[in-house]
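Colleague: The structure's right below; bear with me while I get my questions together.
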Amino acid sequence: MLNRRFAELNHYPFRRLAELIAGPAPATNEPPVDMSVGEPRHRPPAFLHEIVARNGEDWNRYPPLAGTPELRAACAAWLQRRYKLPAGMIDPETQIVSVAGTREGLFSAALVAISPANGGPPPLALMPNPFYQVYYGASICAGAEARFLPATKATGYLPDLEAIDEATLRRAEIFYLCTPANPQGAVADLTYLKRALQLARRHDFLLVVDECYAEIYSGSEPPPGALEAAAALGGVCDNLLVFHTLSKRSSAPGLRSGFAAGSKEAIATLVKLRSYNCAATPMAAMAAATALWQDEAHVVDVRAQYRAAFDAAERQLAGRFGFYRPAGGFYLWLDVGDGETATKRLWHEAGVKVLPGAYLTQPDPDGSNAGKPYIRVALVYDAATTEAALARMARVL
């Protein structure tokens, strides 16, 4: 009676985490701190609330599935500014679609890209390992076989593109890539992105680049994007979708607003799919999103808050647990020997909740798990809260 594909879905990491740390309350008088989820705790800019309130009369209207013309124009203009794209490279009418947060869009991308098997082996969905669970769940539900590409310290925390064999590339119909990477914070350079796009075009699969952490970075130069690679390869967006969101950039995960950009064919198919399966972002939220994509001042403040959190982390953890300051994103990927054991101790003894690295990493065929020694720590609080929580972690570990 039920779809058998769902039996292939493992427990979502946070359900596994809840089971792992179930039991007595933490043995500490200090307030608990949840650093397991990448949910920004900073306040979004005040004008977000003001715009939503001003557009209250629109709650009785069905929002356009592709996004309002104003929102799509703001997204296209932001892409052109942020990535220095040639004028007119991204048409807001045909190459931008609003999504209800990138999770919805990334899941739908698999349904857009993956076709049923024609009697042979199932198509492949390529993804980094560690991986975002949505990539895996979407691929399974679309009828693909997930193929996990090691993204370890030895590979620079990104998949080694040259290590992917031809047979795998021929079967691939989608390749999920995250840069800056979750959880390790590695940034793919322009050469890497161009090579990934060239492989997508040579083997005719859809390259889906999750750039949700692109505005949170450590250096003076922002991370390059896949659309820059497309511009360098002639300016067309064939075989490419990129995703951006306001959840991280603007500390507004509750707004549920992001967008996809790229291939006209893929965008048109995504719009068609969303007309069947999607409740679009409300009009008032899209009005606020339009203003957020047009404003850079608040993003500078957001980035400064994350840099302050990493400064605190460096003070507490430098030289310990394999600490390094990532190029992008807001996670620590710490080598604590055994991630599950450390997670339980940190919760029960320090009241700090983190995520075992093994819950983000698919085991190898021999049963080993490259994520087992690690924990992921989300630096989503202000610097003072972050430093206090990390001091508790350091004391327990």
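Colleague: Any idea what the relative contact order of the chain is, in percent, if you count C-alpha pairs under 8 Å spaced at least 6 apart?
Modeller: Value for the chain: 25 percent.
Colleague: For the range 214-265, rounded, prolate or oblate, judged on the Cα gyration tensor with a ≥ b ≥ c (square roots of eigenvalues), a/c < 1.5 rounded, else prolate if a/b > b/c? Present the calculation step by step, with values, prior to reporting the outcome.
Modeller: Numbers: a/c = 4.89, a/b = 1.36, b/c = 3.59.
Verdict is oblate for the range 214-265.
Colleague: Can you give the charge dipole size of the range 21-153 about its Cα centre, rounded to the nearest 20 debye, using +1 on the beta carbon of Lys and Arg and -1 on the beta carbon of Asp and Glu? Intermediate results must be reported in sequence, preceding the final value.
Modeller: Details: 11 positive and 11 negative charges, 84 e Å.
Value, rounded to 20: 400 debye.
Colleague: On to the next question. Determine the relative contact order of the range 212-313: mean sequence separation of Cα pairs under 8 Å and six or more apart, normalised by residue count, in whole percent. Please report the intermediate quantities before stating the final value.
Modeller: Values: 92 pairs, mean separation 27.8, N = 102.
It comes to 27 percent, rounded to a whole number.
Colleague: So how strong a dipole does the range 249-397 carry about its Cα centre when Lys and Arg Cβ are +1 and Asp and Glu Cβ are -1, to the nearest 20 debye? Mind showing how you got there, number by number?
Modeller: Details: 17 positive and 14 negative charges, 43 e Å.
Magnitude of the dipole: close to 200 debye.
Colleague: Now, a different point. Using a 1.4 Å probe over the heavy atoms of the protein chains, calculate the carbon and sulfur portion of the accessible area of the chain as a whole percent.
Modeller: Numbers: 8810 of 16750 Å².
The C+S portion of the solvent-accessible surface of the chain is 53 percent.
Colleague: For the range 270-378, rounded, prolate or oblate, judged on the Cα gyration tensor with a ≥ b ≥ c (square roots of eigenvalues), a/c < 1.5 rounded, else prolate if a/b > b/c?
Modeller: Details: a/c = 2.62, a/b = 1.46, b/c = 1.80.
Because a/c hits 1.5 or more and a/b fails to exceed b/c, the range 270-378 counts as oblate.
Colleague: Mind checking the dipole of the chain: about its Cα centre, +1 per Lys or Arg Cβ, -1 per Asp or Glu Cβ, Debye to the nearest 20?
Modeller: On the way: 39 positive and 40 negative charges, 63 e Å.
In total the dipole reaches around 300 debye.
Colleague: What is the antiparallel percent of DSSP beta bridges lying wholly in the chain, to the nearest 5? Before the final figure, lay out each step's value.
Modeller: On the way: 17 of 37 bridges.
Counting DSSP beta bridges with both partners in the chain, the antiparallel share is about 45 percent.
Colleague: Among the lysines, which fall within straight-line cross-link reach of residue 372, defined as a Cα-Cα distance under 18 Å, with same-chain neighbours fewer than 8 residues apart omitted?
Modeller: Cα-Cα hits under 18 Å: 153, 344, 353.
Colleague: Oh, and also: Going by a ≥ b ≥ c, the root eigenvalues of the Cα gyration tensor, does the range 134-176 fall in the rounded group (a/c under 1.5), the prolate group (a/b larger than b/c) or the oblate group? Don't skip to the end; give the middle numbers.
Modeller: Numbers: a/c = 3.25, a/b = 1.43, b/c = 2.27.
Here the range 134-176 falls in the oblate category.
Colleague: Put +1 on the Cβ of every Lys and Arg and -1 on every Asp and Glu Cβ in the range 276-321; which of 310, 278, 294 then has its Cα farthest towards the positive end of the dipole?
Modeller: Most positive-ward Cα: 310.
Colleague: Provide the packing ranking of 383-394, 57-68, i.e. peptides ordered by the mean count of other C-beta atoms within 10 Å per residue, highest first.
Modeller: Working: 383-394: 19.7, 57-68: 15.2.
In decreasing order of mean packing, 383-394, 57-68 become 383-394, 57-68.
Colleague: Compare 233, 241, 190 in a GNM of the chain, Cα atoms joined below 10 Å, and give the one with the largest fluctuation.
Modeller: Comparing 233, 241, 190 in the GNM, the peak value goes to 233.
Colleague: A further question follows. Rounded to the nearest 10 Å², what accessible area does residue 98 have for a 1.4 Å probe in the complete protein model?
Modeller: About 10 Å², rounded to the nearest 10.
Colleague: Return the whole-Å distance between the Cα centroid of the range 246-294 and the Cα centroid of the range 10-80.
Modeller: Taking the Cα centre of each part, the range 246-294 and the range 10-80 sit 13 Å apart.
Colleague: With every protein chain left in place, what is the accessible area per residue of the range 50-203 in square angstrom, probe 1.4 Å?
Modeller: Details: 6450 Å² over 154 residues.
Dividing the accessible area of the range 50-203 by its residue count gives 42 Å².
Colleague: In what sequence, highest mean first, do 38-44, 260-266 appear when ranked by Cβ atoms within 10 angstrom? All intermediate terms of the calculation are to be shown ahead of the outcome.
Modeller: Working: 38-44: 18.0, 260-266: 22.1.
Ranked from most to least packed, the peptides come out as 260-266, 38-44.
Colleague: Considering only protein heavy atoms, what is the solvent-accessible area of residue 141 at a probe of 1.4 Å, reported in Å² to the nearest 10?
Modeller: 30
Colleague: Can you give the calculated 222 nm mean residue ellipticity of the chain, where each DSSP H run of n ≥ 4 adds -39,500 (n - 2.57) and the sum is split over every residue, rounded to the nearest 500 deg cm²/dmol?
Modeller: Values: 14 runs with 152 residues, N = 397.
Calculated at 222 nm, the ellipticity per residue is -11500 deg cm²/dmol.
Colleague: If you don't mind, another one. If packing is taken as the mean number of other Cβ atoms within 10 Å per residue, what is the order of 170-182, 343-355, highest first?
Modeller: Values: 170-182: 24.7, 343-355: 21.8.
Ranking the peptides 170-182, 343-355 by packing returns 170-182, 343-355.
Colleague: Let me ask something else about it. Can you tell me which lysines have their Cα less than 20 Å from the Cα of residue 272? Leave out same-chain residues fewer than eight positions away.
Modeller: Correct list for residue 272: 264.
The values are calculated or read from the model by the stated rules, or taken from the named source; none is laboratory data. The structure presented is a predicted model; accordingly, all values stated were derived computationally and were not measured. Glycine also receives a Cβ, built like all others from the backbone with ideal geometry; neighbour counts cover every protein chain displayed. What goes into the accessible areas is simple: the full protein's heavy atoms, side chains included, and nothing from ligands, DNA or RNA. Shrake-Rupley method; radii C 1.70, N 1.55, O 1.52, S 1.80 Å.
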